[in-house]
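Novice: Below are the structure tokens for one structure; questions will follow.
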């Protein structure tokens, strides 16, 4: 099979690898779609503390595919099932895991980081991911490409639920990338009465209308504070999500909140640095400042239900599709900000995306993989 392998920061090579073997308590998945995330870009440039120097890793934590092989002890999955995976596998016994917060586990494993991910034709799903509820069956009407979008969408859902966005709220989303678009969709779904988006790049900002934004603020030409004041009668906004990694944006956001406003620092800064926040304003206006990272399996289940139920169309965010051989071009496209989401697509040998359970292709792969059971651990 072909796999895009991270060798070291700045070096990713598409190379041949054996189809992974899988144990009696594991499954093998034929990847159909894997999207490129900002985390993938950061790892490709700077590495990750869970990828030791000299180690090889297949990135890609936003992926969906078909079950191609099932271990003898696995229940609930069959060859041909269409599935997706949540990336962070919790340890299962820390206080966060016991609260269902696998995204906060300090001893987590993760697809695309410590476990080979979706930028390859086949992925072995280890027993711990099955046991801890990280593998989901796809709703019948959700295609693989849209399913690959559910993971980042679920992270946004977690952020908005922390803010309790509702029908009386005015909402400001700062940043018009894919995360900004997901948050626009969720704010409209929650019934927010006014959704504003601010961004420096005009092309990306203009796209936000397609996702439901009511007001666009181009911060190169317009003063954000003045525009917010004008749109809210000087009151400020009820809810802000910062979807851009900029300390000045974080500091300004506090100043833009209405009394009892809520703010989510969704985008981290990468490297910690001081941010000047007016804590007197927080105190006297009763502001709520929050931060969320990742999503739990429960968040993912809710997000998958929204997408599978037709409440949101996540496939609309895909603006470019690449073959695995062109993954470096896909990363360059994602980093350029030219569009929204870049996806690596894996058509079958005849060019089609098979969904039928127990297809001939899936049965063949099962036979090949089973003969190498235990080869990849």
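Novice: Please specify each residue of region 336-348 satisfying the condition of being loosely packed, with under 15 Cβ neighbours inside 10 Å and either assigned to a helix (DSSP H, G or I) or under 19 Å from the mean Cα position of the chain (by Cα) (or both). Let's see the steps before the verdict.
Specialist: Here is the first cut: in region 336-348, the residues loosely packed, with under 15 Cβ neighbours inside 10 Å are 336-338, 347-348.
Answer for region 336-348, where residues must be loosely packed, with under 15 Cβ neighbours inside 10 Å and either assigned to a helix (DSSP H, G or I) or under 19 Å from the mean Cα position of the chain (by Cα) (or both): 336, 337, 338.
Novice: Continuing with the same structure: Condition test on residue 161, is it farther than 29 Å from residue 345 by Cα and part of a helix (DSSP H, G or I)? Give the steps one after another, and end with the answer.
Specialist: Numbers: farther than 29 Å from residue 345 by Cα: yes; part of a helix (DSSP H, G or I): yes.
Taking the combined requirement at face value, the residue satisfies it.
Novice: In region 114-124, what count of residues is obtained for those that are in contact with a helix residue (DSSP H, G or I) (Cβ under 9 Å, 6 or more places away or on another chain), crowded, with 22+ Cβ neighbours inside 10 Å and part of a loop (DSSP other than H, G, I, E, B)?
Specialist: 3
Novice: Scan region 239-255 for residues that are touching a strand residue (DSSP E or B) at 6+ places or on another chain (Cβ under 7 Å), within 14 Å of residue 175 (Cβ to Cβ) and not in a strand (DSSP E or B) and jot them down.
Specialist: If the condition is that a residue be touching a strand residue (DSSP E or B) at 6+ places or on another chain (Cβ under 7 Å), within 14 Å of residue 175 (Cβ to Cβ) and not in a strand (DSSP E or B), then 243, 244, 249, 250, 253 are the ones that fit.
Novice: Conditions: (1) in a helix (DSSP H, G or I); (2) modelled with pLDDT of 95 or more; (3) loosely packed, with under 15 Cβ neighbours inside 10 Å. Residue 306 meets all but one. Number of the miss?
Specialist: Looking at each condition in turn, residue 306 falls short on (3).
Residue-wise test of (1) farther than 23 Å from residue 315 by Cβ; (2) in a helix (DSSP H, G or I); (3) in the same structural domain as residue 335 (by TED's automatic domain parsing).
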| residue | (1), (2), (3) |
| --- | --- |
| 167 | yes, no, no |
| 182 | no, yes, no |
| 203 | no, yes, no |
| 227 | yes, yes, no |
| 230 | yes, yes, no |
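Novice: Considering only residues of region 221-249 that are farther than 21 Å from residue 186 by Cα and within 28 Å of the chain's Cα centre (by Cα), which is surrounded by the fewest Cβ atoms within 10 Å (Cβ to Cβ)?
Specialist: Restricting to residues being farther than 21 Å from residue 186 by Cα and within 28 Å of the chain's Cα centre (by Cα), the top hit is 248.
Novice: Within region 93-106, is there a residue that is part of a strand (DSSP E or B), touching a strand residue (DSSP E or B) at 6+ places or on another chain (Cβ under 9 Å), modelled with pLDDT of 95 or more and surrounded by 16 or more Cβ atoms within 10 Å (Cβ to Cβ)?
Specialist: Looking only at region 93-106, we keep the residues that are part of a strand (DSSP E or B), and these are none.
Checking region 93-106: not a single residue is part of a strand (DSSP E or B), touching a strand residue (DSSP E or B) at 6+ places or on another chain (Cβ under 9 Å), modelled with pLDDT of 95 or more and surrounded by 16 or more Cβ atoms within 10 Å (Cβ to Cβ).
The values are calculated or read from the model by the stated rules, or taken from the named source; none is laboratory data. Keep in mind the model is a prediction, meaning the values are calculated, not measured. In this analysis, Cβ positions are derived from the backbone assuming ideal geometry, glycine residues included, and neighbour counts consider all displayed protein chains.
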